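Notes follow once the structure below has been shown.
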Amino acid sequence: MDTGKTVTSIGGSLSAVKIRHAIRVELPPHVFRPQPLRALIAVALFAGIVASDAAILELAPLGTVEIALSLLSGALSASLFFLGHECCHGAILRRRWAQDLLAFPAFLVFLLSPTLWRCWHNNVHHVRTNSPDDDPDNFGSLASYRQSWVVRLFATLTPGSGRRPTLLYFAVWFTVHAQVVQWYQSRRCRGFNALNRRRAAAETLVMAVFWLVLGLAVGAYSSVLVDCND
């Protein structure tokens with residue numbers, strides 16, 4: 001047993017509790033109340049995504065209007081994701097099943113299980129932020145960057161690196177990152193012991209089947225055309 005890491009972890013947890021308490025004391029109570037009416041924004045965003053994608057399919061092959069609609073749909077998808085992120089923090093809906101109901105379509109385009117996200121983001125990332133060994137959103141120390149071409153590759157693809165491939169982060173690499181966390185990092189990093197792996201895997205499978213069925217229904221070309229906007 002690594003007692004050094006254990007003591008550090010306990011100390012970090014206590015510090016986090018003190019910080020949260022200090023923030024709650026300084027801010028008015030209404031700041032921490034959920035805002036359920038904001039769920040209507042998710043409905044509007046999802047409707048906009050469906051309408052944009054339907055128009056793209058109707059107007060194919062690809063042209064200027066379709067590109068504009070594709071950019072619009074992608075922006076709406078990103079906005080919906082961030083709203084799902086807030087929802088899973090409890091800022092919109094209090095009940096867990098209601099949060100999942102909103103988060104599922106918000107995370108659908110990324111094949112990201114709401115069950116995985118809540119454990120990954122809320123329980124691991126926020127508790128162990130920037131820990132090279134335990135934060136899935138951290139890409140390691142300078143030593144690991146120098147030693148591993150995989151770490152260097154992912155660092156290049158993430159926002160903040162100043163490289164052009166980061167423009168594809170939300171469109172491509174975030175989906176890859178989510179799968180890496182679910183199938184690999186969740187077994188390597190501390191804090192994932194509470195993850196319901198079966199449920200997370202089932203949610204990811206349902207999302208994958210949805211996209212597969214949609215792709216078969218609209219055809220290969222149209223499927224790529226719609227998926228690329230997100």
Q. Quick one: would you say residue 65 is free of Cβ contacts under 8 Å to residues at least 12 places away in the same chain and open to solvent by 20 Å² or more (accessible area, probe 1.4 Å)?
A. yes
Q: Would you mind finding the one in 50, 7, 43 that is at pLDDT 85 or above and open to solvent by 90 Å² or more (accessible area, probe 1.4 Å)?
A: 43
Q. If you check residue 70 against the conditions, is it in a helix (DSSP H, G or I), of a type in the set (Ser, Thr, Tyr) and within 18 Å of residue 37 (Cβ to Cβ)?
A. no
Q | Count - residues of the range 118-142 that are within 22 Å of residue 155 (Cβ to Cβ), at pLDDT 90 or above and hydrophobic (A, V, I, L, M, F, W, C) | A | 2
Q.
Can you go through 38, 94 and tell me which one is over 17 Å from the mean Cα position of the chain (by Cα) and assigned to a loop (DSSP other than H, G, I, E, B)?
A. 94
Q | Subset of the range 71-96 that is of a type in the set (Ser, Thr, Tyr) and surrounded by 20 or more Cβ atoms within 10 Å (Cβ to Cβ) - its residue that is modelled with the lowest pLDDT | A | 73
(Q) One residue is enough: does the range 145-165 have a residue meeting the conditions over 16 Å from the mean Cα position of the chain (by Cα) and under 17 Å from residue 196 (Cα atoms)? (A) no
Q) If you go through the range 95-116 one residue at a time, how many are in contact (Cβ under 8 Å) with a residue 24 or more places away in the chain and not hydrophobic (A, V, I, L, M, F, W, C)? A) 4
Q: For the range 173-189, state whether one or more residues are of a type in the set (Gly, Ala, Ser), at pLDDT 90 or above and farther than 30 Å from residue 57 by Cα.
A: yes
Q: Pull up the range 198-215, narrow it to residues that are open to solvent by 20 Å² or more (accessible area, probe 1.4 Å) and in contact with a helix residue (DSSP H, G or I) (Cβ under 8 Å, 6 or more places away or on another chain), then point me to the one that is modelled with the lowest pLDDT.
A: 214
Q | Count of residues meeting criterion [at pLDDT below 80 and surrounded by 13 or more Cβ atoms within 10 Å (Cβ to Cβ)] in the range 10-40 | A | 2
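The values are calculated or read from the model by the stated rules, or taken from the named source; none is laboratory data. Computed from a predicted structure; not experimentally measured. Using ideal geometry, Cβ is built from the backbone for each residue, glycine included, and neighbour counts are taken over all protein chains shown. Surface accessibility is based on the protein's heavy atoms, side chains included, excluding ligands, DNA and RNA. Shrake-Rupley method; radii C 1.70, N 1.55, O 1.52, S 1.80 Å.
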